[in-house]
Every structure is written in C-alpha cells, then in structure tokens.
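To start, the structure under review is shown below, and the notes come after it.
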Amino acid sequence: MQILRNIAEVKDFLILNQGKEIGFVPTMGALHAGHESLIKKSVQDNEVSIVSVFVNPTQFLAGEDLEKYPRDEAHDIEVAKAAGATAIFLPDVSQMYPSDISIKAPSALASILEGATRPGHFDGVCTILAKFFNIIRPMRAYFGKKDTQQLIIVQNLVKSLFFDIEIVPCDIIRAGDGLALSSRNSYLDESELIEACKLYRALVKAKALVSAGTFSSDVIKAEMAKVLNPLKIDYIEICDRELNSINQIQIDKSIILIAAYVGKTRLIDNLWL
Ligand code: AMP
C-alpha cells in the first residue's frame with residue numbers, strides 16, 4: 001500500500017494508475033471495523049482504492065472535540081493495508097486549505113437534525129469532500145449509513161456540482177451488543193458503553209412496534225424515548241429517504257434517527273426501514 005502525504009504524490013500515483021477504476025473512502029481516521037467494511041467494499045468494486053485520513057477542522061464547531069479527536073496514524077495505516085487499500089492519503093491542514101474558500105451545503109437538508117445543533121458542520125463536510133473529489137477524481141466513493149444525513153447531503157452535492165461520482169451507501173457495522181461502531185465510542189467509559197447500547201435498543205424497539213403494526217411516528221417516538229431514558233435526547237426523528245419528517249412509517253421508505261448524549265459524548269444512530 002502506498003502512503004501519500006501530499007497532493008503532488010497523489011497526482012503521481014494517479015498518473016501511474018491512469019485508466020483504472022478508482023474507489024475512494026474518506027475518513028477522519030481512528031479506523032475501526034465500520035471504516036474497514038467501506039474499504040473492503042471499495043476493494044471489491046474497484047481496481048484501485050484510496051483511503052483518506054483527515055480530521056477536517058471546518059466541520060467542527062467551536063467547542064467541539066477537534067483537539068481531542070482520536071488520532072493514530074500507525075494504526076490507520078495498518079487497518080487500511082489489511083483491508084486491501086491501494087493507497088492511503090494523509091494530508092495536513094495547510095495543504096487542504098490554501099484559502100478559506102468554501103462550499104455551502106444545501107440549506108434545507110443542512111439545517112435540520114445534526115445541522116440544527118451543528119450549524120455550518122455540513123458546509124465543512126461538503127467543502128472538504130469537493131476538494132478530495134477534485135484531487136482524486138474517483139469513479140465511486142463510499143459512505144456509511146451511520147452518518148445518514150451526511151450520505152444524503154453528499155448525494156445532493158455530487159448531483160448539484162455535477163461530480164461524475166457514484167456514491168455507494170454502506171450498512172452500519174455494530175458491536176456484538178448492537179452499539180454502532182464510532183471513533184467517538186473511545187470517549188466512553190465502561191458504564192457509558194453499556195448506556196450507549198440504549199440507542200440501538202430504541203431502534204430495535206421501533207422495529208418491533210412496526211412489525212406488530214404500529215406505524216404512528218408519535219407513538220413510536222414516545223416508546224423509543226422510554227428505552228433511551230435517562231439519556232439526554234437531542235432528537236428522535238422519523239423521516240422519509242429525503243429526510244422530510246413523516247407522521248406514519250412507510251416500509252422501505254423510512255428512516256428513524258436518534259441523537260443522544262451518553263455523559264458528555266453525543267452519539268447518533270439510525271435505522272432504515
Ligand atoms: P468518520 O471517520 O467518522 O468520518 O467516518 C468515515 C466514514 O465511515 C463515513 O462514511 C461514516 O459513515 C463511515 N462509518 C463510520 N462508522 C461506521 C459504522 N459503524 N458502520 C459503517 N460505516 C461507518
């Protein structure tokens with residue numbers, strides 16, 4: 001696996017691999033089995049797979065965890081290599097931000113759910129991804145449903161800016177107890193890890209209610225809140241696949257999304273059904 005630290009090295013790598021199908025997996029590092037599944041999917045689908053590891057400052061708000069975000073380059077290189085990546089791109093901030101020019105995420109999608117408490121977050125996401133897409137020019141890019149709102153906004157970004165890139169959604173990878181894998185889980189202590197499973201249990205409860213014929217969003221949300229108790233809930237939302245709020249679940253057209261605090265750590269999870 002090639003280790004690429006600057007844009008010139010990426011360009012040289014791309015010249016050597018001209019004409020090949022390129023898959024791209026953008027990450028912020030601290031790679032876990034969730035990231036690994038995206039890389040493996042890219043390796044299956046493409047002749048060349050490039051993983052980026054970049055903790056993007058513009059998607060963190062003041063007071064968020066930019067400084068303490070977990071970083072472990074040696075580990076990330078090992079995981080990407082073992083998953084079969086052809087190259088890993090590890091740029092620094094000054095290379096990716098020669099100026100503060102930015103892209104604005106679609107306002108309706110970016111101001112709800114995560115965007116309601118994290119204004120500007122998705123502008124940072126769209127800005128960094130547009131840069132990576134222009135540098136790497138992949139045929140396909142891989143995104144986890146773990147960050148469903150991000151996935152939907154990225155689909156909108158490539159459509160709106162005419163990037164000729166297929167966005168490939170990937171299923172959420174979970175620990176044995178159901179907790180969705182996340183780099184932020186490393187902030188949780190032992191008892192918080194147990195509490196964190198309530199997010200998944202609330203989604204399982206919702207699924208059981210739907211299976212038993214309950215489709216009302218209000219009823220489902222109220223039952224989910226009971227399962228999440230006493231966690232501080234940021235939101236429980238039931239939406240269609242374009243993230244419009246809906247009153248009734250429609251099978252194969254709905255997404256249930258949660259954001260909740262476990263101690264000081266804000267976690268998100270969701271279920272497509
Ligand atoms: P991050 O490093 O958190 O920015 O995530 C990079 C990519 O990995 C994003 O597309 C995430 O949605 C995806 N990802 C993170 N956690 C998981 C997971 N548990 N299962 C599947 N994909 C994930």
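The values are calculated or read from the model by the stated rules, or taken from the named source; none is laboratory data. Keep in mind that what you see is a predicted model, and the values were worked out from it rather than measured. No Cβ is skipped: glycine too gets one built from the backbone with ideal geometry, and neighbour counts run over all protein chains shown. We work out accessible area using only protein heavy atoms, side chains counted, and drop any ligands, DNA or RNA first. Shrake-Rupley method; radii C 1.70, N 1.55, O 1.52, S 1.80 Å.
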Taking the stretch 150-167 and keeping residues more than 10 Å from the ligand (Cβ to nearest atom), in contact (Cβ under 8 Å) with a residue 24 or more places away in the chain and either in a helix (DSSP H, G or I) or open to solvent by less than 10 Å² (accessible area, probe 1.4 Å) (or both) leaves Ile152, Ile153, Asn156, Leu157, Val158, Ser160
Here the residues within the stretch 231-273 that are β-branched (Val, Ile, Thr), open to solvent by less than 80 Å² (accessible area, probe 1.4 Å) and part of a loop (DSSP other than H, G, I, E, B) are Ile246, Ile249
When the stretch 97-113 is checked residue by residue, the ones that are open to solvent by 40 Å² or more (accessible area, probe 1.4 Å) and not in a loop (DSSP other than H, G, I, E, B) are Ser107, Ala108
Out of the stretch 9-57, which residues are within 14 Å of the ligand (Cβ to nearest atom), over 26 Å from Ala175 (Cβ atoms) and surrounded by fewer than 19 Cβ atoms within 10 Å (Cβ to Cβ)?
-> Pro57
Identify all residues within the stretch 114-148 that are within 16 Å of the ligand (Cβ to nearest atom), open to solvent by 20 Å² or more (accessible area, probe 1.4 Å) and either aliphatic (A, V, I, L, M) or outside any strand (DSSP E or B) (or both); write none if there are none.
-> Arg118, Asp123, Lys131, Lys145, Lys146, Asp147
All but one of (1) within 24 Å of Gly115 (Cβ to Cβ); (2) surrounded by fewer than 17 Cβ atoms within 10 Å (Cβ to Cβ) hold for Leu228, so report the exception by its number.
-> (2)
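So which of Asp72, Asp65 is out of contact with any Gly (no Cβ under 6 Å at 6 or more places or on another chain), within 13 Å of the ligand (Cβ to nearest atom) and modelled with pLDDT under 95?
On the way: Asp72 fails: modelled with pLDDT under 95.
Result: Asp65 is the single residue among Asp72, Asp65 that is out of contact with any Gly (no Cβ under 6 Å at 6 or more places or on another chain), within 13 Å of the ligand (Cβ to nearest atom) and modelled with pLDDT under 95.
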Taking the stretch 55-96 and keeping residues without any contact (Cβ under 8 Å) to a residue 24 or more places away in the chain, of a type in the set (Gly, Ala, Ser) and assigned to a loop (DSSP other than H, G, I, E, B) leaves Ala62, Gly63
In the list Leu203, Leu188, Leu179, which residue meets the criterion of being within 16 Å of the ligand (Cβ to nearest atom), more than 26 Å from Phe60 (Cβ to Cβ) and buried (at least 16 other Cβ atoms within 10 Å of the Cβ)?
-> Leu203
